[in-house]
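*Asks:* This is the structure I have questions about; it appears just below.
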Amino acid sequence: MILFFIYVVLSSLGLILFKLGSKDLTMLLQNGLFSLSMSWIVIAGILCYLASFLLWLVIVNKSELSYIYPLSIACINIAILVGSYFLLHETIGAREIIGTVVIIAGIAIMKL
């Protein structure tokens with residue numbers, strides 16, 4: 001379970017870091033050459049996401065995919081909502097709260 005928690009944190013953090021660093025990301029295709037410039041924030045996001053992928057391989061190997069996949073998507077969605085509120089200063093409205101309650105209810109039903 002600790003690996004799953006770390007996976008959710010790394011995956012969510014990776015996506016939030018992508019968003020934070022996306023302002024400084026530039027991609028160019030000029031004269032047939034591809035150029036990519038990214039900040040350290042995007043690189044940190046890539047590393048977090050890569051680490052989460054490697055953990056995911058371990059988790060899938062030890063768990064039932066039909067259970068762990070929906071659970072991971074639900075937990076990551078909630079973690080991104082909370083992280084976006086605190087780190088990206090996004091607002092949380094009634095729709096987001098209702099969606100989170102529905103997700104939590106779905107997780108509870110899966111545990112039955």
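*Asks:* In nm, give the distance between the simple-model label positions of Ile73 and Lys23, each being 7 Å from the Cα along the Cα-to-Cβ direction.
*Replies:* Label-label distance for Ile73 and Lys23, simple model: 3.2 nm.
*Asks:* Tilt of helix 94-111 relative to the longest C-alpha principal axis of the chain, in degrees (0 to 90, nearest 10)?
*Replies:* The helix 94-111 is inclined about 60 degrees to the chain.
*Asks:* Suppose all protein chains stay in the model; what accessible area per residue would a 1.4 Å probe give for segment 44-112, in Å²?
*Replies:* Heavy-atom accessible area per residue stands at 69 Å².
*Asks:* Report, please, the projected area of segment 1-59 averaged over directions, based on the convex hull of its C-alpha atoms, in nm².
*Replies:* Details: hull surface 18.1 nm².
The orientation-averaged projected area of the Cα hull of segment 1-59 comes to 4.5 nm².
*Asks:* Per 10 Å bin from zero, what fraction in whole % of the C-alpha pairs of segment 60-112 is there, up to the bin with the longest pair?
*Replies:* Going from the shortest bin to the longest, the percentages are 23, 45, 24, 7.
*Asks:* With no solvent and one point on each alpha carbon, what is the Debye value of log10 I(q)/I(0) for the chain at q = 0.15, 0.21, 0.24 Å⁻¹?
*Replies:* -0.76, -1.13, -1.27
*Asks:* Could you rank the peptides 40-46, 27-33 by their average count of other C-beta atoms within 10 Å per residue, with the highest value first? Please report the intermediate quantities before stating the final value.
*Replies:* On the way: 40-46: 16.3, 27-33: 7.3.
In descending order of packing, they fall as 40-46, 27-33.
The values are calculated or read from the model by the stated rules, or taken from the named source; none is laboratory data. All of these numbers come straight from a predicted model, not from anything done at the bench. Virtual Cβ from ideal backbone geometry, glycine too; neighbours counted across all protein chains shown. For accessibility, only protein heavy atoms count, side chains too; no ligands or nucleic acids. Shrake-Rupley method; radii C 1.70, N 1.55, O 1.52, S 1.80 Å.
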